[in-house]
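Student: Sharing a structure here in structure tokens format.
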Amino acid sequence: NAPILELTDLRKHFNLSGGRVLKAVDGLNFNVLRGETFGLVGESGCGKSTAGRTIMQLYEPTSGSIKFDGRDVSKLTKSERIKFTKEMQMVFQDPYASLNPRMTVGKIIGEGLEIHGLASGRKRTERVAELLDAVGLNEEHANRFPHEFSGGQRQRIGIARALAIEPKFIVADEPISALDVSVQAQVVNLFKKLQRERDLTYLFIAHDLAMVKHISDRIGVMYLGKLVEVAESDELNENPLHPYTQSLLSAIPLPDPEQQKSRERIILKGEIPSPLNPPSGCPFRTRCPHAMDVCAKTMPEFKEAKPGHYVACHLY
Ligand code: SF4
Ligand code: MG
């Protein structure tokens, strides 16, 4: 499959008071292939949400390039930009904060149709009913307000809103983190069903590797604004190369107790360093069980260690 999204050395830095610079996203290189789910994982503060928002053009990149459908998004003409905003939509983490409490569900979902001139009047009502049905709600829900729904139902409304203008690509920023564990799997299954039915490509952002490993075709692991590893989901789970990925995986319980016994939990020393003052060389070196002299001096390059499996670590 051809890439739908190509990031080259993407950076997003924020200038803070006192001349400090927060390098939230600091040199991302990865592609998302048409029709796949690319999981982007990392602890909070690693820059994954900033990456998602920069890709969505909610932030202007500090440097680097974003290509969508083969076009550099910084060089779009006005009409291409309108088309672009129709093709890429976002689902947010907090289904309570992201829906306007004063608008009916029908208005929330149908707003994009109106803005883009795709449907109005009765056609819009029909389209909203179809979208509610697609996300497991029903047309009577259109006249109600967000507060009348549970967290899981609200996230379904957020998904219906994102789908209304038939995007090709959805950035889902921790879309199930705020939900009860009992409804998380239902919402994940909904994402999968919609992907099959509508040829969608997802960038699925999460802090929990256990959560993305089931939904993702490929996974990228971020640490302090940088990607440390990218591989197909199965490959990453079976042969993690980066010591950080190895520690994240070691924390996920295995279903087989025999396997669990033979696996050692890798506990990292220390805390994540402040992204305002990252370590020299490899950003992970202050917590890495395998750190060597070279790790303090030189930043490891992000390179292909095996076909399709990329890692930034001096061990490889
Ligand atoms: Fe650890 Fe060095 Fe590899 Fe960084 S480059 S992950 S410090 S071994
Ligand atoms: Mg976040």
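Student: Say whether the condition of being assigned to a strand (DSSP E or B) and over 21 Å from ASP173 (Cβ atoms) is met by at least one residue in region 11-32.
Tutor: yes
Student: All but one of (1) more than 12 Å from ligand 1 (Cβ to nearest atom); (2) closer than 23 Å to ASN31 by Cα hold for LEU224; which doesn't?
Tutor: Among (1) more than 12 Å from ligand 1 (Cβ to nearest atom); (2) closer than 23 Å to ASN31 by Cα, LEU224 violates only (1).
Student: Can you name every residue in region 248-300 that is among the basic types (Lys, Arg) and touching a residue at least 60 places away in the same chain (Cβ under 8 Å)?
Tutor: Once the filter is applied, which keeps residues that are among the basic types (Lys, Arg) and touching a residue at least 60 places away in the same chain (Cβ under 8 Å), region 248-300 yields nothing.
Student: Oh, and also: Just to check your reading of the model, which residue among MET103, MET90 is part of a strand (DSSP E or B) and not small (Gly, Ala, Ser)?
Tutor: MET90
Student: Moving on. Taking helices (runs of 4 or more DSSP H) that do not extend beyond region 212-293, which have at least 2 residues that are away from ligand 2 (no atom under 16 Å from the Cβ) and in contact with a helix residue (DSSP H, G or I) (Cβ under 9 Å, 6 or more places away or on another chain)?
Tutor: 233-238, 243-250
Student: To continue, here is another question. I'd like to check something: does region 301-314 contain any residue that is closer than 30 Å to SER17 by Cβ and surrounded by 12 or more Cβ atoms within 10 Å (Cβ to Cβ)?
Tutor: No, region 301-314 contains no residue that is closer than 30 Å to SER17 by Cβ and surrounded by 12 or more Cβ atoms within 10 Å (Cβ to Cβ).
Student: With ARG144, ARG102 as the choices, which residue is touching a Phe, Trp or Tyr at 6+ places or on another chain (Cβ under 8 Å), surrounded by fewer than 16 Cβ atoms within 10 Å (Cβ to Cβ) and of a type outside the set (S, T, N, Q)?
Tutor: From the options ARG144, ARG102, the qualifying one is ARG102.
Student: Now for a separate question. Looking at the structure I just gave you, is VAL311 closer than 20 Å to VAL25 by Cβ and either more than 8 Å from ligand 1 (Cβ to nearest atom) or of a type in the set (Val, Ile, Thr) (or both)?
Tutor: Yes, satisfied.
Student: If you don't mind, another one. Do the conditions hold for ALA51, that is, is it within 16 Å of ligand 2 (Cβ to nearest atom), among the small types (Gly, Ala, Ser) and assigned to a strand (DSSP E or B)?
Tutor: Spelling it out, it is not the case that ALA51 is within 16 Å of ligand 2 (Cβ to nearest atom), among the small types (Gly, Ala, Ser) and assigned to a strand (DSSP E or B).
Student: Are there any pairs with C-beta distances below 6 angstrom linking a residue in region 129-141 that is crowded, with 16+ Cβ neighbours inside 10 Å to a residue that is part of a helix (DSSP H, G or I) and at pLDDT below 95, with the two at least 6 apart or on different chains, and if so which?
Tutor: Listed pairs, sorted by first residue: ALA129/GLU139; LEU132/GLU139.
Student: May I pose another question? With the requirement that a residue be among the small types (Gly, Ala, Ser) and under 12 Å from CYS288 (Cβ atoms), what does region 224-272 give you?
Tutor: SER247, GLY270
Student: Please work out if ILE108 is in contact with a Ser or Thr (Cβ under 8 Å, 6 or more places away or on another chain), closer than 25 Å to ILE82 by Cα, modelled with pLDDT of 95 or more and among the hydrophobic types (A, V, I, L, M, F, W, C).
Tutor: It is false that ILE108 is in contact with a Ser or Thr (Cβ under 8 Å, 6 or more places away or on another chain), closer than 25 Å to ILE82 by Cα, modelled with pLDDT of 95 or more and among the hydrophobic types (A, V, I, L, M, F, W, C).
The values are calculated or read from the model by the stated rules, or taken from the named source; none is laboratory data. Note that the structure is predicted; figures quoted are calculated from it, not measured. Methodologically, a virtual Cβ is constructed for each residue, glycine included, from the backbone with ideal geometry; neighbour enumeration extends over all protein chains shown.
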